[in-house]
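Worksheet for the structure shown next.
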Amino acid sequence: MKNKEIKILLSAPRGFCAGVERAIEIVEKALVKYGAPVYVRHEIVHNKFVVDDLKKKGAVFVEELEEISDKSRPVIFSAHGVPKKIPSDAENYKMTYVDATCPLVSKVHREAENLFKSGYHLILIGHDNHPEVIGTMGQLPKGSIDLIQNEDEAKNYEFKKDKNLAFVTQTTLSVDDTKDIINILKKRFPGIKEPHKEDICYATTNRQMAVKNIAKQCDMFFVIGSRNSSNSVRLVEVAKKSGCLNSQLIHSQSKIPYDLIKNSNTIGVSSGASAPEILVENFIDNLKKKFKVSIDEVEIIKEDVVFKVPKKLN
């Protein structure tokens, strides 16, 4: 196998986005400022490697505030955003909290609130039970926002209220799938109000475009990321739809399919927005042990977005 030559098309941009970098930095700075333990409600970002690393440094991950026995310790809210009730619960517990919600998710929260205050009934296009969806729906009173997950639900959505209709979307969706859902809604409800600027974030859009750009040249495509990472799972779908049917997610429990790779000449590699670059490097190093590897990084756009951490941590 060692004589087998394989070309890797390395998709760029890939990996950490500005929101993920900010969230990790918030946990690290909180540990420096407050000492350990610092609690984090929900995985700060959806990646086991990142979470395990922060655990070693003194972060304790919980799903709910009630699990925190020592309420004098600070708590951080994850990058995915939280329902309004959570900061207000933290205040009732007199807890110090730091909100690591990605600013692009916060933008969707504000958009939803403003539309609701202007008298609109809202549709959120997104995936049920994803923490970002729970957070966005939790900005508004029950019954004032409905979730639509796919084209069928868009076709069958019944709107009986005498209000104007508007929609917002989860930030990590497939750009193409979302367009199809939006087109159905616009046909059915011609007056529906859409966001001034698309809600799907720049990093999701760029990573999907980068994968689309090279997928059709690949015999196999690998996305490094976690199974519960929405944007990573979408990248696999995008690679398949863009011409590389043999695309798969490489997560913490994955075994690298060397037997399939040895029948390939060109493989594509990308990583989700919460996957650190070291995981990509490890994957490529493992391939180098078995094959002769040449790497061609294909960059479609330079990213220079940076989000500042909250002042209270500086």
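The values are calculated or read from the model by the stated rules, or taken from the named source; none is laboratory data. Treat the numbers as computed from the prediction; the structure is a model and nothing was measured. Ideal geometry is used to build each Cβ from the backbone, glycine not excepted, and the neighbour counts take in all protein chains shown.
For Val306, only one of the following conditions fails: (1) buried (at least 18 other Cβ atoms within 10 Å of the Cβ); (2) aliphatic (A, V, I, L, M); (3) closer than 14 Å to Phe16 by Cα. What is its number?
So Val306 meets the others, but not (1).
Among the residues in segment 73-96, are any more than 20 Å from Val27 (Cα to Cα), β-branched (Val, Ile, Thr) and assigned to a strand (DSSP E or B)?
Looking for residues that are more than 20 Å from Val27 (Cα to Cα), β-branched (Val, Ile, Thr) and assigned to a strand (DSSP E or B), one finds none in segment 73-96, hence no.
Before we move on, is Arg110 under 20 Å from the mean Cα position of the chain (by Cα), modelled with pLDDT of 95 or more, part of a helix (DSSP H, G or I) and more than 30 Å from Ser247 (Cα to Cα)?
yes
Considering only segment 188-204, I want to know if a residue exists there that is of a type in the set (Ser, Thr, Tyr) and either modelled with pLDDT under 95 or part of a strand (DSSP E or B) (or both).
No; the residues of segment 188-204 include none that is of a type in the set (Ser, Thr, Tyr) and either modelled with pLDDT under 95 or part of a strand (DSSP E or B) (or both).
If Lys311 satisfies all but one of (1) among the basic types (Lys, Arg); (2) modelled with pLDDT under 95; (3) in contact with a Ser or Thr (Cβ under 8 Å, 6 or more places away or on another chain), what's the number of the condition it fails?
With (1) among the basic types (Lys, Arg); (2) modelled with pLDDT under 95; (3) in contact with a Ser or Thr (Cβ under 8 Å, 6 or more places away or on another chain) applied to Lys311, the lone miss is (3).
Working carefully through the options Ser274, Ser264, find the one that is hydroxyl-bearing (Ser, Thr, Tyr), closer than 29 Å to Thr172 by Cα and surrounded by 13 or more Cβ atoms within 10 Å (Cβ to Cβ).
Going through Ser274, Ser264 in turn, the sole match is Ser274.
May I ask you to say which residue of Glu277, Glu303, Glu237 is in contact (Cβ under 8 Å) with a residue 60 or more places away in the chain and touching a Pro at 6+ places or on another chain (Cβ under 9 Å)?
Glu303
Pull up segment 17-35, narrow it to residues that are of a type in the set (Val, Ile, Thr) and in contact with an Asp or Glu (Cβ under 9 Å, 6 or more places away or on another chain), then point me to the one that is surrounded by the fewest Cβ atoms within 10 Å (Cβ to Cβ).
Applying the filter and picking the extreme gives Ile24.
Within segment 234-252, identify whether any single residue is out of contact with any Asp or Glu (no Cβ under 8 Å at 6 or more places or on another chain), at pLDDT below 95 and not in a helix (DSSP H, G or I), and answer yes or no.
Checking segment 234-252: at least one residue is out of contact with any Asp or Glu (no Cβ under 8 Å at 6 or more places or on another chain), at pLDDT below 95 and not in a helix (DSSP H, G or I).
Residues Val40, Val32, Val50: which one is more than 22 Å from Val133 (Cβ to Cβ), aliphatic (A, V, I, L, M) and assigned by TED's automatic domain parsing to the domain that holds Lys71?
That would be Val32, the only listed residue that is more than 22 Å from Val133 (Cβ to Cβ), aliphatic (A, V, I, L, M) and assigned by TED's automatic domain parsing to the domain that holds Lys71.
May I ask you to list the residues in segment 52-63 that are of a type outside the set (Gly, Ala, Ser) and crowded, with 19+ Cβ neighbours inside 10 Å?
Leu54
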